[in-house]
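Colleague: Here it is, the structure in full.
The values are calculated or read from the model by the stated rules, or taken from the named source; none is laboratory data. These figures come from a predicted structure and were not determined experimentally. Cβ: placed from backbone, ideal geometry, glycine included. Neighbour counts: every protein chain shown.
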Amino acid sequence: MTHGEAVAALDTAYFERREDLRHEERADDGGRREAELMEWHRIVQLLAATSGTYDPDADAVPQEELAVDRRCKEAEQQRFQEQQQFAVRADELAGLAGAGRLDRTVASRPGDEAARELLANRGDYRAGAVDDWLARARALAGHYADPDARTAAVGLLPVPVRARAALLAALARTGAPTDGDLEFVGRLAQADPAATTALAAWLDNAAEVKGGTT
C-alpha cells in the first residue's frame, strides 16, 4: 500500500463514519469506527515519513498486537490444561479418600490445593478427608517442606486447614503421636481457627521453655 492509497482509505473511513452518524441503525459499536480512523491516521503518517509502501509484517504496532494475542491464547491454553490436571487430581484424591487410602503414604504435590478447592466447590463430601490429609501433609512435610510451597499455601488453603496443620505440627514437636485418630483437631480448627492457631503457638512456646530449663 502506498501513501496515496492509505490517504484514500482514510477518506473512505471518514465517509463511512459520517454515514454512521446519519443513520442511527449504523451507530458505531464500542468505538470501532474511531479506532479504525486512528489506525489509518497512523499508517498515513508512517508512510509520509518513510515515503515507502506499507507492509504490515514490518509494522511493529500490528506485530506487537499479534504477539499479545498469541501470548493471551497460550496463557488461556495453559490455564485450560492446568484445570484439566487439577480435575484429574481431584478425582484421584476423592477416590483415595472414598477407599480410605488417603493417608501419609500419599505424597502431596503442587496443585493439590486447587484440586481440593474443586472438590469443595462440587460439594463432594470427601473434601473433608482431603482437608485432613492436606493439613497433615503441611504439618509433617510433603511438598510443603519447600519454604516457597509453605508460603504459597497461606493464600491457597482455607484458614481452618492451616490452623489444623499448625496444631498437628505443634503436637508432633511435643513428641505426641500424630498417626492416630486426631479428629478433635479438625473440629477445633473448624470451630475456632484463631484459637487453634493460638494453642499451637502456646504448645511451641511451652516446649521451648521446657527445653531451656533442662
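Colleague: Tell me which residues, restricted to the range 62-106, are among the β-branched types (Val, Ile, Thr) and either closer than 30 Å to Ala135 by Cβ or in contact with a helix residue (DSSP H, G or I) (Cβ under 7 Å, 6 or more places away or on another chain) (or both).
Modeller: Hits for the range 62-106 are Val88, Thr105, Val106.
Colleague: Would you list the helices (runs of 4 or more DSSP H) that sit entirely within the range 147-214 and hold 3 or more residues that are in contact with an Asp or Glu (Cβ under 9 Å, 6 or more places away or on another chain) and without any contact (Cβ under 8 Å) to a residue 60 or more places away in the chain?
Modeller: Here the list reads 147-156, 159-173, 183-191.
Colleague: Condition check: of a type outside the set (D, E, K, R), at pLDDT 90 or above, more than 17 Å from Val161 (Cα to Cα) and part of a loop (DSSP other than H, G, I, E, B). Does Val106 satisfy that?
Modeller: yes
Colleague: Of the residues Asp146, Asp103, which is outside the structural domain of Phe184 (by TED's automatic domain parsing), within 26 Å of Asp179 (Cβ to Cβ) and under 23 Å from the mean Cα position of the chain (by Cα)? Break it down into steps so the answer makes sense when it comes.
Modeller: Working: Asp103 fails: under 23 Å from the mean Cα position of the chain (by Cα).
None of the others qualify; the one that does is Asp146.
Colleague: Find the residue count for the range 140-186, including only residues that are surrounded by 12 or more Cβ atoms within 10 Å (Cβ to Cβ) and among the charged types (D, E, K, R). Even if it seems obvious, please write down each step before you answer.
Modeller: Narrowing the range 140-186 to residues surrounded by 12 or more Cβ atoms within 10 Å (Cβ to Cβ): 140-146, 149-150, 152-153, 156-174, 176, 178, 182, 185-186.
Next, only the ones that are among the charged types (D, E, K, R) stay: 146, 150, 162, 164, 173.
So the answer is 5.
Colleague: Right, next: Can you say whether Val159 is of a type in the set (Val, Ile, Thr) and touching a Pro at 6+ places or on another chain (Cβ under 8 Å), as far as the supplied structure shows? It would help to see each step written out before you state the result.
Modeller: Values: of a type in the set (Val, Ile, Thr): yes; touching a Pro at 6+ places or on another chain (Cβ under 8 Å): yes.
Yes; evaluated as a whole, the condition is true for this residue.
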